[in-house]
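Here's the structure, in structure tokens; my notes come after.
The values are calculated or read from the model by the stated rules, or taken from the named source; none is laboratory data. Note that this is a predicted model, so its numbers are computed, not measured. In this analysis, Cβ positions are derived from the backbone assuming ideal geometry, glycine residues included, and neighbour counts consider all displayed protein chains. Side chains included, ligands, DNA and RNA excluded: accessible areas come from the protein's heavy atoms. Shrake-Rupley method; radii C 1.70, N 1.55, O 1.52, S 1.80 Å.
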Amino acid sequence: MILSVFFRLTLGICLFLAAACVNGDDHFEIPYPANCSTRTLCSEHRIRRPDWNELYNAAFLNADDGILQFDLTNGAGSKLIMKISGVVDNRFRVIIEEPDLHRYRIQFCLEKEPETNELTVDYLGDDALIASDGNGNRLYVSFQPISIEFYHDDILESVFDGSRLIMQNTEESQAFTFTVKFNEAKRLIGLHEHPNTVSLMHTADYKVDPYRLKNVDYGIFGYSINVTQSMYGSIPVLYGFGEHTSGIFVHNGAEMWVEIDTDEMSAYFMVDAGLLDLFVLMGPTLPKTVRQYTDLTGKPHLPQLWALGHHQSRWAYNNTEDVKDIIGKFDEYRFPMDVLWLDIEYTADRKWFTWNTTSFPDPIALLDWVEEQGHRKLVPISESNIKVDPEYKIYDDCLRNDYFINNANGTPFVSVCWAGDVSWIDFLNPEAREYYAQLHLYENFPSTSTLGGYWNDMNEPALFDNTYERTIPSEAVQYGNVKHRDVHNMYGLHQVMTTHQGLMNRDEGNLRPFLLSRSIFAGSQRYTAKWNGDTVCTFEYLRILVPMTISSNLAGLVFYGGDVPGFFGKPTDELASRWYQTGAWIPFYRAHADLSTERREPWVFSEETQDLIREAIESRYKHLPYWYTLFYEHTVTGDPLVRPLLYHYPNDEAAFDINDQFLVGKDILVANVYFSEATSLRVYLPGENEFWYQATGPSGVFEGGHWYTIPVDISFTPVFYRSGSIIARKPRVGRTTADIKDDPHELHVVVDDDGFAETRVYIDDFESFEYLNEKKYLYVNIEWDDETQMGTVTPIDGASDSSKFTFEIESVIIYRNNGDGTHSKQTIKQTRDGVPLVNFNVLEGPLLL
């Protein structure tokens, strides 16, 4: 770790000196980032306990429309109002604010206004109230001081502890604090995004700072790992995982610090501003709690299939010739690749929605050429900072129409970023959002649909001045006289929401938009993918990618990944191989590199390493039917793509703290090889009544519920298929997803001890909204009975028109556990009657093999 930090700091200093020639940071001498001791919000409130006369007492007012209303008062003369409502699907909502209702209520985070569930007062006494929703959920409100206990089926799951309720209400501060305890929890999980373990660490002993949620950029230094400091994104959802799991979601877009006490299983929130708006998620399992959260903040539409393929990027591919050369070499060296990315150098003087006509003289011709290379895509970077230049039409339009975020005096806020002096679009302004969305139209930015989407970067928002932690000051003013501090963590959400609408307008609602964003908030998942930012080429950063991806998935943002094989630095052949191998099992699969690095496309490595990288990428493409089906099911249920082992094995304590293994869906387990020169890896395989088939490296079967020492070498990362599963794969790969999307399937059947296995497969046109608007898709359940040697493929209800889609099988590979540590494998390519499987219509009758 010490060497890693030294390397990162040394690299950062070198990069700073280089970057200074372009745009040096201002006020570089100011310590950055902030820590608890330098932020009043944390340093003051972390140790503060309200005096006896500051404790709030409750007085019940009424239950109009099934919503409980209370006055809260204390001996210091402060008065608040509190409303508690039931929300359908085992949830509550608690809102606390001043009587004048002056606190800002955030917009755009929730997908829709939650449907309320009427509460009934069952008991009202002098010191307490009991109410219920008729669905097994009950709350007990103690009046002196205020405390709310939440019960599900008579189990006390969580407590809103009013003993640390503080609400400041001055010109200088609108901060508030509160505590929630999880009575049934064994682990606390959430508060994404942090480069740390899935389960949150104990901070209440003051040895480390509380977890901070404030979207920031660490610039040329990158970020540290195994810390609680802020990252690019903030999702204030927290789960108390245990025998009875529950959760909370803090519906607030301001900076937060959260003290975690794993002894008490509590979380103490210190929030900079805005409304105390708390959703209580009653679970009572982790999957149900995650679904309750994603139902609030929304689920994405399906991506186009190409977005699930392999992406190639660097800062930067500088001109038309460079783009063509790179794409040509991917084909020459036989590396599948669907998307090439364009960093800031494609623009004219770093002005967004322009082309550098010297480097890219005919962008339409280039895009047409890219389309001819296997229907590939280009994705350009596009930021929300607009270069201060009166000759730049977009700047002039925004200035004239007051579309920028302003200083307190009403003038546009100006600071420094890649283009020099810039101002930032104010996405709270509906006219500014409409204007920005229209910039994506083909007539406003010359392009075609081969420009497959956009990369919204630097949208924390980030700038090159340490004065305000490299971001817009909290006192800046946005549309409606909203202070930036109230919505800081939501700025990236506001941009991607607008960019997404721009792409919907551009393609007239026919094609599913693709976006990548560095900054995210709750609700961003409806619009964008996310990557974990500027990593370093070390095994430590490879290791931390797994828990970060798991945490993001549990927070509803499933299309998550990291730069392969790290952004800064020079990877060894071994590290590159490992990163491509693990990356193939992470939802968003993109190689990316910093400007200062040597070229590291796959073919620059040794031939042996090229073979390993090629095999890893091909594995991704072969499993695309599994990924695509999993993604479709996420859009319906909210279930994560990548899951911790405890998600499906909540009673197995051995699985609770595993951060270097993960499940893809429920049927594939991946073990990350996260250290150099590995010859073996300790792997835990869960499920006492299951076994796992090793699908990479030496084949074998392993009984569930045990730790194993798995021999490894550089040629593979251990991947296992669960017994009772069928893994639908493609038998071959091509240059792109387009080359194989209509190919038949290969079914890998791992029968359980009863000789049974099943799965589901989803197919549509892979690009349009017809699956959503017209229900045109094919969704089938596949079962295998080994005793009768019969497979059945049954359409699942929901599709209104599946006639244009077929499900073809080329071969069935059956894996059987012999019960003595050995296994057998059988490959079948024709029916009992000798009909090639690819010619048999499996939707018209059982498959007899």
Along Cα→Cβ, 7 Å out, is where each label goes; now give me the distance between the ones at T709 and S824 in nm to one decimal.
3.2
Got a sec? What order do T794, T696 fall in by accessible area at 1.4 Å, biggest, i.e. largest, first?
T794, T696
Provide the gained length on full extension for the span E633 to L772, in nm with one decimal, where the gain is 0.36 nm per separating residue minus the Cα-Cα distance.
48.8 nm
Which Cα, out of G410, S423, I364, lies furthest along the positive dipole direction of region 331-448 (beta carbon charges, K/R +1, D/E -1)?
G410
Could you tell me which of the pairs K377/K622; K741/K829; K329/K741; K324/K730; K112/K622; K79/K288 are separated by over 26 angstrom between their Cα atoms in the structure shown?
K324/K730; K112/K622; K79/K288
V751 accessible area, assembled protein chains, probe 1.4 Å, Å²:
10
Rounded if a/c under 1.5, otherwise prolate or oblate - the chain, Cα gyration tensor axes:
oblate
Listed by chain and number, the residues whose amide H is under 5 Å from that of S158, excluding neighbours fewer than 5 places away on the same chain and using placed H, are F150, N183
Any idea what the dipole of the chain comes to, in debye rounded to 20, about its Cα centre with Lys/Arg Cβ at +1 and Asp/Glu Cβ at -1?
880
Test of the criteria: in region 669-728, which chymotrypsin sites (Phe, Trp or Tyr not before Pro) are in a DSSP loop and have at most 13 other Cβ atoms within 10 angstrom of their Cβ?
F675
Run the simple label-point estimate for E475 and D325 please: 7 Å along Cα→C-beta, distance reported in nm.
5.1
Which FRET efficiency, nearest 0.05, do W52 and K83 yield, Cβ-Cβ r, R0 35 Å?
0.85
Using Cα positions and a limit of under 14 Å, work out the aspartates and glutamates in reach of K804, with same-chain residues fewer than 8 apart set aside.
D742, D764, D765, E770, E774
Global geometry of region 577-627, whether rounded, prolate or oblate, following the gyration tensor of its Cα atoms and the 1.5 cut on a/c
oblate
Under the classification rounded if a/c is under 1.5, otherwise prolate if a/b is larger than b/c and oblate if not, where does region 761-849 fall, given a ≥ b ≥ c as square roots of the Cα gyration tensor eigenvalues?
prolate
For region 620-696, build the charge dipole from Cβ charges (+1 Lys, Arg; -1 Asp, Glu) around the Cα centre, then report which of Y693, F656, F631 sits farthest towards its positive end.
F631
Please report, ordered by residue number, every helix of the chain (full DSSP H runs) that is 27 Å or longer along its axis going by C-alpha atoms and whose mean Kyte-Doolittle hydropathy reaches -0.5.
2-23
What is the sum of charges, Lys and Arg at +1 and Asp and Glu at -1, for the other residues whose Cβ falls under 11 Å from the Cβ of L200?
-1
Full extension from D263 to T73: what is 0.36 nm times the residue separation minus their Cα-Cα distance, to one decimal in nm?
65.3 nm
In terms of Cα to Cα distance under 16 Å, which aspartates and glutamates are near enough to K570, apart from those fewer than 8 places away along the same chain?
D534, E540, D594, E598, E601
Using the Cα centre of the chain as origin and beta-carbon charges of +1 (Lys, Arg) and -1 (Asp, Glu), tell me which of V558, A591, G755 is placed farthest towards the positive end of the dipole.
A591
Using a 1.4 Å probe on heavy atoms of the protein chains only, the accessible area for H488 in Å², nearest 10, reads 10
If amide H atoms are built 1.01 Å from N in the plane of the peptide, which residues on other chains or at least 5 residues away come under 5 Å of the amide H of G566?
H592
What length, rounded to one decimal in nm, is gained on full extension from D122 through to W369, with 0.36 nm per residue of separation minus their alpha-carbon distance?
81.9 nm
